[in-house]
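*Asks:* Below is the structure I would like to discuss, written out as structure tokens.
The values are calculated or read from the model by the stated rules, or taken from the named source; none is laboratory data. Because the structure is predicted, anything quoted here is derived from the model rather than measured. Because the Cβ atoms are built from the backbone with ideal geometry, glycine has one as well, and the counts that use them run over all protein chains shown. Side chains included, ligands, DNA and RNA excluded: accessible areas come from the protein's heavy atoms. Shrake-Rupley method; radii C 1.70, N 1.55, O 1.52, S 1.80 Å.
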Amino acid sequence: MSAPFIQIENVHKHFGSTHALRGVSTYVNKGEVLVVIGPSGCGKSTLLRSINGLETIDAGKIIVDNNVIDAKHKNINAVRAEVGMVFQQFNLFPHLTVLENLTLAQIKVRKRDKKSSQDIAHDLLKKVRIPEKISMYPGQLSGGQQQRVAIARALAMNPKVMLFDEPTSALDPEMINEVLDVMLDLAREGMTMLVVSHEMGFARNAASRVVFMDAGAIVAEGTPHEMFDNPTNERMKQFLSKILH
């Protein structure tokens with residue numbers, strides 16, 4: 001077995017007196033979809049944000065494709081070059097069209113020429129099922145469409161792994177599935193993904209493994225079948241009973 005693509009080893013993070021991550025250790029193998037679930041405030045998003053250096057960790061280390069991030073925060077640009085991130089909020093540039101949103105970083109960061117950047121943008125908008133929105137502005141799109149543009153924008157950088165931080169939590173219920181369907185497509189194609197989500201149906205259908213966090217620690221992990229059909233951890237049972245009516 002080759003080394004995991006992401007290795008998280010005994011990671012601690014404090015925000016003042018709050019111990020947000022308490023010795024978290026887990027891994028994501030290449031081509032795997034790891035879904036992190038748990039109550040609000042349990043450290044899920046902090047863990048995700050630590051992987052691409054949006055939060056600095058206090059102890060432990062995170063290794064992404066052989067690049068080590070620790071409290072001194074080395075290699076962060078090398079890591080970010082490999083990691084695509086999709087947030088709760090879409091973070092699109094409102095004054096740029098969808099096409100411009102998708103080509104800007106390709107041209108500036110990946111140094112692609114305009115023509116190949118536009119070709120990639122066209123292909124990715126087909127992939128996320130909104131090719132017809134290419135010349136619109138973000139304000140003319142629904143939340144679900146904006147989030148799909150955000151996914152396409154992250155994919156345009158050819159990331160080796162995609163991080164999703166509750167990508168559907170800001171959406172109206174009827175738009176959630178259109179985003180989850182695109183994420184399911186990516187999972188089926190073998191994209192390495194680490195997803196923080198409250199969407200248990202997605203976790204059940206797409207995850208290779210599910211991690212349950214509570215109070216800054218991982219308290220259970222296993223396959224979707226083990227975690228949802230046969231949970232043994234009491235805290236997890238309690239959590240699931242509240243959200244799986």
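*Asks:* Within region 90-110, work out how many residues are assigned to a helix (DSSP H, G or I) and closer than 14 Å to residue 135 by Cβ.
*Replies:* Adding up the residues that qualify gives 6.
*Asks:* Let me confirm something: among 45, 2, which residue is open to solvent by 60 Å² or more (accessible area, probe 1.4 Å) and either assigned to a loop (DSSP other than H, G, I, E, B) or not aromatic (Phe, Trp, Tyr) (or both)?
*Replies:* Numbers: 45 fails: open to solvent by 60 Å² or more (accessible area, probe 1.4 Å).
Only one candidate passes the filter, namely 2.
*Asks:* Of everything in region 204-230, what is part of a loop (DSSP other than H, G, I, E, B) and either open to solvent by 30 Å² or more (accessible area, probe 1.4 Å) or closer than 18 Å to residue 185 by Cα (or both)? Give them in sequence order.
*Replies:* Hits for region 204-230 are 207, 208, 215, 223, 230.
Rundown of residues vs (1) under 25 Å from residue 81 (Cα atoms); (2) basic (Lys, Arg); (3) modelled with pLDDT under 95; (4) buried (at least 20 other Cβ atoms within 10 Å of the Cβ), yes/no style:
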{"position": "125", "(1), (2), (3), (4)": "yes, no, no, yes"}
{"position": "132", "(1), (2), (3), (4)": "no, no, no, no"}
{"position": "141", "(1), (2), (3), (4)": "no, no, no, no"}
{"position": "146", "(1), (2), (3), (4)": "yes, no, no, yes"}
{"position": "191", "(1), (2), (3), (4)": "yes, no, no, no"}
{"position": "194", "(1), (2), (3), (4)": "yes, no, no, yes"}
{"position": "198", "(1), (2), (3), (4)": "no, no, yes, no"}
{"position": "202", "(1), (2), (3), (4)": "no, no, yes, yes"}
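*Asks:* Also, I was wondering about something else. Applying the selection to region 48-69, what residues are part of a strand (DSSP E or B) and surrounded by fewer than 17 Cβ atoms within 10 Å (Cβ to Cβ)?
*Replies:* Across region 48-69, the qualifying residues are 59, 61, 68.
*Asks:* Assess whether residue 180 counts as being open to solvent by less than 60 Å² (accessible area, probe 1.4 Å), part of a loop (DSSP other than H, G, I, E, B) and of a type outside the set (D, E, K, R).
*Replies:* On the way: open to solvent by less than 60 Å² (accessible area, probe 1.4 Å): yes; part of a loop (DSSP other than H, G, I, E, B): no; of a type outside the set (D, E, K, R): yes.
Criteria not met by residue 180.
*Asks:* Quick one: in region 98-123, of everything that is farther than 10 Å from residue 149 by Cβ and of a type in the set (Val, Ile, Thr), which residue is most open to solvent (accessible area, probe 1.4 Å)?
*Replies:* Only one residue fits best here, namely 109.
*Asks:* Residues in region 152-162: is at least one touching a residue at least 60 places away in the same chain (Cβ under 8 Å), in contact with a helix residue (DSSP H, G or I) (Cβ under 6 Å, 6 or more places away or on another chain), open to solvent by 50 Å² or more (accessible area, probe 1.4 Å) and part of a helix (DSSP H, G or I)?
*Replies:* yes
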